[in-house]
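To start, the structure under review is shown below, and the notes come after it.
The values are calculated or read from the model by the stated rules, or taken from the named source; none is laboratory data. Fair warning: this is a prediction, and the values are worked out from it, not measured in the lab. Reconstructed Cβ throughout: ideal geometry from the backbone, glycine too, with neighbour counts over all protein chains shown. Side chains are part of the model used for accessible areas, which takes the heavy atoms of the whole protein and leaves out ligands, DNA and RNA. Shrake-Rupley method; radii C 1.70, N 1.55, O 1.52, S 1.80 Å.
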Amino acid sequence: MSTIRLYKEDVYLRETTAHVTSVSEKKGHAVVTLDRSLFFPEGGGQSCDRGTLAGFQVLDVYEKDGEVFHVVDCRPSDLPEPGSNTAAELILDWAHRFDNMQRHCGEHIVSGAFYREYGGVNHGFHMGDQYMTLDIRLEGDSKYDKVTWEMAEHIELCANQVIWSGAPVITRHFDTFEEASRLPLRKALAIDEDITIVSVGDPDSPADCVACCGTHPATAAEVGMIKIYKVESNKGMFRIYMEAGQRAFRRYQREYDVLTELGNRLSAGTDDLMKKYLAQQEKAAETRQQLGQLRRYVISREAEKIRAVLAEASNAPDPASIASNPAFYYDILTVDDLLNLAKELQGQIPKILFLVHRPSHTVLLSSDGIPDCGKLVKENASIYGGKGGGNAATARAIFQKEEYVDTFIDLINKHLR
């Protein structure tokens, strides 16, 4: 016996009772069929309803071979036996249902507007956690070959005008293809029997009219609001990112809060916020350019200082008394700065040079390729819990503790003697 789908008769029904017609177990959960059900199974781009069955959470609802199956967070023995006179209480998670109703109806209204205004046909619909997407193909009007942002804004206005009009949402059920196909559908029917048609607005000249198995409110006004966020090309179609109902409102609140905070930080109102932001960006670009020049100057001066130290070592009466592989320590320059410093000294290092970034306990090794810096790091850094790598000319070793830096450098110097 197929389940009587109560949501088809009254989408606002939130509680009822039903009798168990079958129960089995799958992956530790009861899988139940009922003589009648409040719960909409997943389908048509819409997630299934949630709620409780006999006091236990309904985890999933799906349809198979015309029957509705409920996956319940309990054991089969916790439920009334099939065929018994004991009824199970069904309680719908109304917030989740109404959220789906708003979003699904919002999709209908937007799809209807695309069809009416630009000949756009919806070939895909998905209700995600962060937004909904529609895949629109422009088929009905040769004037349009792409969905521009201006077109999307026009559709958004048209859709919200349908909401403001309080247009009725009429759901009708038909037994045959012939009966249903007489309506002004925006999309050809894909089924031959047991057809549900949803119309938004006047049935003779609707804002939308299409076959749909989902749940919808009684009026477009209950959708609340519609917001389109983005348009992008997708496999010969145009993917529309949008939201409707409470989700659109909550996102609007979050984004307006961010906008207000930005305005406060920039001492700007919404009308001149972009102007202030662009001015800040221009100033930041100038600052980055000046900083880059200063970094290059500092690196150049550091290179001169290191060359002088290396020259002094090579010209000393007793070169052995002076460290032949000196280490230079830095707190302000970044590791990237030290890499650029090593590049500037390439070919001028007698054996090996150590550049140390104190804040990150990083030792940068630089040579002319002999000795092989990468090999030295690979073979010795792990002795002190370090990690890193590189090539023959430049490599880095990173340590957890500052004391390991000098110990590592001492080890390498002894290894190279």
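Among the criteria (1) of a type in the set (Val, Ile, Thr); (2) touching a helix residue (DSSP H, G or I) at 6+ places or on another chain (Cβ under 8 Å); (3) more than 17 Å from residue 236 (Cα to Cα), the one residue 68 does not fulfil is (2). In the range 49-62, the residue that is least open to solvent (accessible area, probe 1.4 Å) out of those that are in a loop (DSSP other than H, G, I, E, B) and more than 30 Å from residue 107 (Cα to Cα) is 54. Against the numbered list (1) open to solvent by 30 Å² or more (accessible area, probe 1.4 Å); (2) closer than 30 Å to residue 252 by Cα; (3) in contact with a Lys or Arg (Cβ under 8 Å, 6 or more places away or on another chain), residue 91 comes up short only at (2).
Do any strands (runs of 3 or more DSSP E) entirely within the range 333-394 hold 1 or more residues that are open to solvent by less than 10 Å² (accessible area, probe 1.4 Å) and under 17 Å from residue 405 (Cβ atoms), and if so, which? Once the strands (runs of 3 or more DSSP E) in the range 333-394 are filtered for at least 1 residues that are open to solvent by less than 10 Å² (accessible area, probe 1.4 Å) and under 17 Å from residue 405 (Cβ atoms), what remains is 352-357, 362-367.
Yes/no matrix, rows are residues, columns are (1) among the charged types (D, E, K, R); (2) closer than 17 Å to residue 110 by Cα:
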| site | (1), (2) |
| --- | --- |
| 141 | yes, no |
| 150 | yes, yes |
| 164 | no, yes |
| 171 | no, no |
| 178 | yes, no |
| 186 | yes, yes |
| 189 | no, no |
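If you go through the range 141-189 and keep only what is of a type in the set (Gly, Ala, Ser), touching a strand residue (DSSP E or B) at 6+ places or on another chain (Cβ under 8 Å) and under 19 Å from residue 200 (Cβ atoms), you end up with 159, 166, 167, 180. Look at the range 361-384: where a residue is in contact (Cβ under 8 Å) with a residue 40 or more places away in the chain and a partner is part of a strand (DSSP E or B) and among the small types (Gly, Ala, Ser), sitting 6+ places away or on another chain with Cβ atoms under 7 Å, you get 363/397; 365/395. Whether any residue in the range 241-254 is charged (D, E, K, R) and over 30 Å from residue 120 (Cα atoms) is what I want to check. So far as the range 241-254 goes, yes, one or more of its residues are charged (D, E, K, R) and over 30 Å from residue 120 (Cα atoms). Looking at (1) buried (at least 20 other Cβ atoms within 10 Å of the Cβ); (2) within 21 Å of residue 41 (Cα to Cα); (3) modelled with pLDDT under 95, which is the one condition that is false for residue 120? With (1) buried (at least 20 other Cβ atoms within 10 Å of the Cβ); (2) within 21 Å of residue 41 (Cα to Cα); (3) modelled with pLDDT under 95 applied to residue 120, the lone miss is (2).
Selection over the range 14-48 of residues that are of a type in the set (S, T, N, Q), outside any strand (DSSP E or B) and open to solvent by less than 20 Å² (accessible area, probe 1.4 Å) gives a count of 0.
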